[in-house]
1. Please determine, by comparing only the residues of the range 183-208 that are within 16 Å of the ligand (Cβ to nearest atom) and touching a helix residue (DSSP H, G or I) at 6+ places or on another chain (Cβ under 7 Å), which one is farthest from Gln423 (Cα to Cα).
2. Restricting to the range 125-152, name every residue that is over 27 Å from Gly452 (Cβ atoms) and either polar (S, T, N, Q) or surrounded by 15 or more Cβ atoms within 10 Å (Cβ to Cβ) (or both).
3. What strands (runs of 3 or more DSSP E) lie completely within the range 399-511 and have 1 or more residues being more than 23 Å from His267 (Cβ to Cβ)?
4. Anything in the range 247-275 that is open to solvent by 10 Å² or more (accessible area, probe 1.4 Å), in a loop (DSSP other than H, G, I, E, B) and within 26 Å of Lys328 (Cβ to Cβ)? List them, or say none.
5. Name the single residue that is farthest from the ligand (Cβ to nearest atom) among those in the range 352-366 being touching a residue at least 12 places away in the same chain (Cβ under 8 Å) and under 12 Å from Arg424 (Cα atoms).
6. Quick check on this structure: which one of Gly463, Gly458, Gly412 is away from the ligand (no atom under 16 Å from the Cβ) and surrounded by fewer than 21 Cβ atoms within 10 Å (Cβ to Cβ)?
7. What are the residues in the range 330-340 that are open to solvent by 60 Å² or more (accessible area, probe 1.4 Å) and either in a helix (DSSP H, G or I) or within 16 Å of the ligand (Cβ to nearest atom) (or both), if any?
8. Pull up the range 69-119, narrow it to residues that are of a type in the set (Ser, Thr, Tyr) and part of a loop (DSSP other than H, G, I, E, B), then point me to the one that is nearest to Thr403 (Cα to Cα).
Amino acid sequence: MTHGQDGREGRVGRVGRMGFAALKRCATAIGLRLSFGLTLCAAIVVGAFVVAQGFSPAIAQQPPANPLAPFIKIQAPVVALVHARVIDGTGAPSREDQTLVIRDGNIAALGDSARTPPPAGATIVDLTGKSVLPGLVMMHEHLYYTTGPGVYGQLGVSFSRLYLAGGVTTMRTAGNVNGIMDINISRRIAAGEMPGPDIDATAPYVNGPSSFLQMHAVRSADEARAHVDYWANQGSTSLKAYMQISRAALKAAIDYGHRRGMKVTGHLCSVTYGEAADLGIDNLEHGFFAATDFVADKQPDVCPGQARGQQTIAALDENGEPFKSLVKKLVDRHVALTSTLTVFETFTPGRPLPQGLDVLAPQLKDAFQRAYDRASQNQQSVYAALFPKAMRLERAFAKAGGTLIAGTDPTGAGGVVPGYADQRQIELLVEAGFTPAEAISIGTLNGAKYLGRDARIGSIAIGKQADLVVVAGNPSTTIADIRRVESVFKGGVGYDPQKLVDSVRGQVGIW
Ligand SMILES: [Zn+2]
């Protein structure tokens, strides 16, 4: 896609319109004025057309237009959000009628409205009846999407906008089949050249030989080290192991990744959760949906099939010793668990149709609708029992002291739409039994702590970066209000979610 289609008007287009506007004004002037007016108008019109052709050195020397400008709603040196309800991301109860001052991209002041006057000259935004929460820090996101059977299309540009529109200000890409795009988009967003969240760009999956057409096969510990080295040198900042990796290759990736400053997560199958914890992994994806620890005849280094593992989880005694000792091991070894209930919800009969489908290209929207109908009619689906069970297991893990973080995984059947799904994931944590404040904390501060960035992001506090989501209503009592996003501040700049979404509507799946 060219830049002309990304929601921006090109410079020539803008200047050309100015030329026509000048021409219109001059047509009026010609009717009213004498020859001086005519001469001036002739100069304006000729000048405007020269500029429209791109020949004006004066215009050419101006700095390029801010590519973020079409998406920005609020930007000022000092912004005061007044009469806001603040849900700070720590899990603490919300606070009513607060003033929050943003200066130089950071939170400069925060307190009760009565005792926190906005600074002189501040741009005032009245948030009566509205709430502010921290920008979401989501940990199982992707810049690709299932566009056809076995084919993953890179949708980095549209996805970046949708994530930001949904309130995500920081994310990990958690594996990909094209590491370069994640790295480049992460850098371009950091440089202010594209709108989107801050990105922890995960390297392409570290996996053994598999049937995935777009995945590299790592056959040994040496090859795992070479993979880690190559992608660390390119600029990847984290690693994700995948379903067919061997314990030896996983061990090498973990040890070498840590030496290169990269944390390692895994969507595992060939290696059990317990084995991976013993090898020193930092994080496991998909709650307990991907655990093969309880498959009776599990062969070392062999994936028995994800479905086999899921049957054992659906049948697992959640109060039994095997599950409790696995949880204890994960807690003792500080292995974080990423909840991605959103992707599994799309396979589960009787669940509501996901939000955001109208941003998809029509063919993909139709393909998901067919998959959704099939899932709804499947009387044998393991997910009918597995989905609520997995919610209880994730809650038990957190209650036992485990670090639960949140993500969405926009893959699967195609109904996990970035941004919309991130809001849904927080709602599903509430359905799983967390309070709204706890669910928001899992989706904000817990992610920031995992990334080692909680000194700067993940909660609302004086001195932290102003990454904030403004929503109508009160998500601390009605979690669905998390969908009513009015603006998303990243580094103190307030973006307009509607403009971000409108710029990609109907085209997600193409670019
Ligand atoms: Zn994933």
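1. Pass one, the range 183-208, residues within 16 Å of the ligand (Cβ to nearest atom): 199-207.
Next cut, touching a helix residue (DSSP H, G or I) at 6+ places or on another chain (Cβ under 7 Å) only: 199-204, 206.
Details: Ile199: 18, Asp200: 20, Ala201: 21, Thr202: 22, Ala203: 26, Pro204: 26, Val206: 29 Å.
Among them, the one singled out is Val206.
2. Start the filter on the range 125-152 by keeping residues that are over 27 Å from Gly452 (Cβ atoms), which leaves 125-131, 145-152.
If the condition is that a residue be over 27 Å from Gly452 (Cβ atoms) and either polar (S, T, N, Q) or surrounded by 15 or more Cβ atoms within 10 Å (Cβ to Cβ) (or both), then Val125, Leu127, Thr128, Lys130, Ser131, Tyr145, Thr146, Thr147, Tyr152 are the ones that fit.
3. Where strands (runs of 3 or more DSSP E) fall fully within the range 399-511 and carry at least 1 residues being more than 23 Å from His267 (Cβ to Cβ), they are 468-472, 485-490, 493-495.
4. Scanning the range 247-275 gives His267, Thr272.
5. First, pick out the residues of the range 352-366 that are touching a residue at least 12 places away in the same chain (Cβ under 8 Å): 353-364.
With under 12 Å from Arg424 (Cα atoms) added as a condition, the list becomes 353-356.
Values: Leu353: 21, Pro354: 16, Gln355: 19, Gly356: 18 Å.
This residue is Leu353.
6. Numbers: Gly458 fails: surrounded by fewer than 21 Cβ atoms within 10 Å (Cβ to Cβ); Gly412 fails: away from the ligand (no atom under 16 Å from the Cβ).
From the options Gly463, Gly458, Gly412, the qualifying one is Gly463.
7. First, the residues of the range 330-340 that are open to solvent by 60 Å² or more (accessible area, probe 1.4 Å): 332-334.
Result: Asp332, single match.
8. As a first pass, look at the range 69-119 and keep what is of a type in the set (Ser, Thr, Tyr): 90, 94, 99, 113, 116.
Cutting the leftovers down to part of a loop (DSSP other than H, G, I, E, B) gives us 90, 94, 116.
Numbers: Thr90: 14, Ser94: 22, Thr116: 35 Å.
Filtering first and then ranking leaves Thr90.
The values are calculated or read from the model by the stated rules, or taken from the named source; none is laboratory data. As the structure is a computational prediction, the values presented were derived from the model and not from experiment. Please note: Cβ atoms are built from the backbone with ideal geometry, for glycine as well, and neighbour counts cover all protein chains shown. We work out accessible area using only protein heavy atoms, side chains counted, and drop any ligands, DNA or RNA first. Shrake-Rupley method; radii C 1.70, N 1.55, O 1.52, S 1.80 Å.
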